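The values are calculated or read from the model by the stated rules, or taken from the named source; none is laboratory data. Predicted model only: the values in this text are computed from it and were never measured. Cβ: placed from backbone, ideal geometry, glycine included. Neighbour counts: every protein chain shown.
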Amino acid sequence: MNHKIKNLPSGRLEIEISVEPSEYQNNLEKAARNLKDIKIDGFRPGQAPYELVKNKLGETKLLEVALEDIVSHTFFQIVKDNDLNVIGAPEIKIIKMAPQNPLVYQAVVDLLPELTLPDLEKIKIEKKEIIVSEEDITQALTELQTMRSKESLINRPAQKGDKVEIDYNISLNNVPIEGGQQKKFPIYLGEQKMIPGLDEQIYGLKTGEEKEFPLQLPENFFNKNLAGKTGEFKIKVHGVFQIDKEEINDDFAGRVGTFKNLAELKKQLSDNIKIEKDREEEKKVETTLIDNLIDKTKFGDIPENLIKRETQIMIEELKNNLANYQINFQTWLNNLNKKEDDLIADFQPQALRRVQAALIMREIIKQNNLQVTAEEIEAEIEHLQEHYIEHLQEHYQDNNEVKEKINSRAYRDYLKQNLLSQKAMSWLKEKVVK
């Protein structure tokens, strides 16, 4: 078996491979045995001698049937013999294929880029000390108080502290914006959680009243293309509700749970807030760590296909997120005055960094010989079955389907990679986080 290797731009490799007839004869015989639908008198399917099958079908047809097997075997043999770090499936082009002649084909494949990690001793990231303030606890108590409050439909103008249910429609230049329409949307007046200034427009309105007014959309508006612009609002009040709240005291703590007094409830809230803040700080640390590594790592040529695939993953993630809000992807693009190709161009820089991050984690795993045991995978599966089976059932028909999904080979491979990434991140944080 002869071959020629040629480096291509953008981290790709071209390999031309020539396979002699004697080298692929076994593949032809295997193909003949696997042709179960070929009937030859006196023989059961797959049991006829090779020469009889060849005479019936023709050697050209057998070669066509065996082609995928020949290419797969010889390509990966060349990759192994030459210690090539390829990634993804090769693009195959047949150059010459005829019975009793060398099979010649060309394989173009992406190369896993080489990279040089920075000196981790020179990277130091500080993790902030987590402090739970009295203000944090007071806010959590207020939210609990609101959740347990009683609502009464009343016939008076809306005022601060009330809950109102409104229909709203937001337009820009008389064109309704995607996701800017809701029916019976609840707003707690005075909390200013939706759009700054909206509460003030609702004060004084009674059930059944309507109002139109301009209002500037916030900079963090979900549609980034509309952030900061002035929208045209049309609202109708469906109901005004007076909120009667319980007094926050020891009795309140006892009704919330099995707490003996308010101090005990505050202690539990403080612990919960600390856990949440610690989780948020861990995410910030990990993001900062990866950004530092990307900026300081030396990368070889990264194949364009890797970036294209990651970009497509990002677009699918966006589509799923929009679908969760019942927003049509194409309509969303139209509101941005963009095409999908524009979105691909916008996403490519972030896709590149995601690919770089994955390559870094892969190198950390490789250099430190990090492993995941079968016992660790089993423990993770047991944890999933105990804690998340109800959530997973939302997407599957029954328990058996959930368990089959969790125990599938593909899902186990996913868990293995996920656990490896977690180990690599833990290893990195031990090195660089103070």
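Considering only the range 44-55, I want to know if a residue exists there that is loosely packed, with under 12 Cβ neighbours inside 10 Å, of a type outside the set (S, T, N, Q) and in contact with a Gly (Cβ under 7 Å, 6 or more places away or on another chain). No, there is no match, as no residue in the range 44-55 is loosely packed, with under 12 Cβ neighbours inside 10 Å, of a type outside the set (S, T, N, Q) and in contact with a Gly (Cβ under 7 Å, 6 or more places away or on another chain).
Each row is one residue, and each column tells you yes or no for (1) in a helix (DSSP H, G or I); (2) of a type in the set (Val, Ile, Thr).
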residue: LEU67; (1), (2): yes, no
residue: HIS73; (1), (2): yes, no
residue: PHE76; (1), (2): yes, no
residue: LYS80; (1), (2): yes, no
residue: ASP83; (1), (2): no, no
residue: ALA89; (1), (2): no, no
residue: GLN100; (1), (2): no, no
residue: VAL104; (1), (2): no, yes
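Every condition in (1) modelled with pLDDT of 90 or more; (2) of a type outside the set (Val, Ile, Thr); (3) within 43 Å of the chain's Cα centre (by Cα) is met by GLU23 except one, and the failing one is (3). Taking the range 179-202 as the range and being among the acidic types (Asp, Glu) and touching a Gly at 6+ places or on another chain (Cβ under 7 Å) as the test, only ASP199 passes.
Here is a yes/no grid of residues against (1) of a type in the set (S, T, N, Q); (2) under 29 Å from ILE307 (Cβ atoms); (3) outside the structural domain of PRO303 (by TED's automatic domain parsing):
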| residue | (1), (2), (3) |
| --- | --- |
| GLU23 | no, no, yes |
| ILE40 | no, no, yes |
| ASN55 | yes, no, yes |
| THR60 | yes, no, yes |
| ASP69 | no, no, yes |
| SER72 | yes, yes, yes |
| LEU84 | no, yes, yes |
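If you check ILE187, ILE137 for being in contact (Cβ under 8 Å) with a residue 60 or more places away in the chain, of a type outside the set (S, T, N, Q) and surrounded by 14 or more Cβ atoms within 10 Å (Cβ to Cβ), only one passes: ILE137. Sub-9 Å Cβ pairs linking a first residue in the range 141-152 that is under 15 Å from ASP251 (Cα atoms) and in a helix (DSSP H, G or I) to a second residue that is aromatic (Phe, Trp, Tyr) and modelled with pLDDT of 90 or more, at least 6 apart or interchain, are LEU141/PHE252; LEU144/PHE252; GLN145/PHE252, ordered by first then second residue. Does ILE130 satisfy being assigned to a loop (DSSP other than H, G, I, E, B), outside the structural domain of SER10 (by TED's automatic domain parsing) and under 30 Å from ASP278 (Cβ atoms)? Taking the combined requirement at face value, the residue satisfies it. Would you check if there is a residue in the range 259-270 being in contact (Cβ under 8 Å) with a residue 12 or more places away in the chain, exposed (fewer than 15 other Cβ atoms within 10 Å of the Cβ) and not aromatic (Phe, Trp, Tyr)? Checked the range 259-270: no residue is in contact (Cβ under 8 Å) with a residue 12 or more places away in the chain, exposed (fewer than 15 other Cβ atoms within 10 Å of the Cβ) and not aromatic (Phe, Trp, Tyr).
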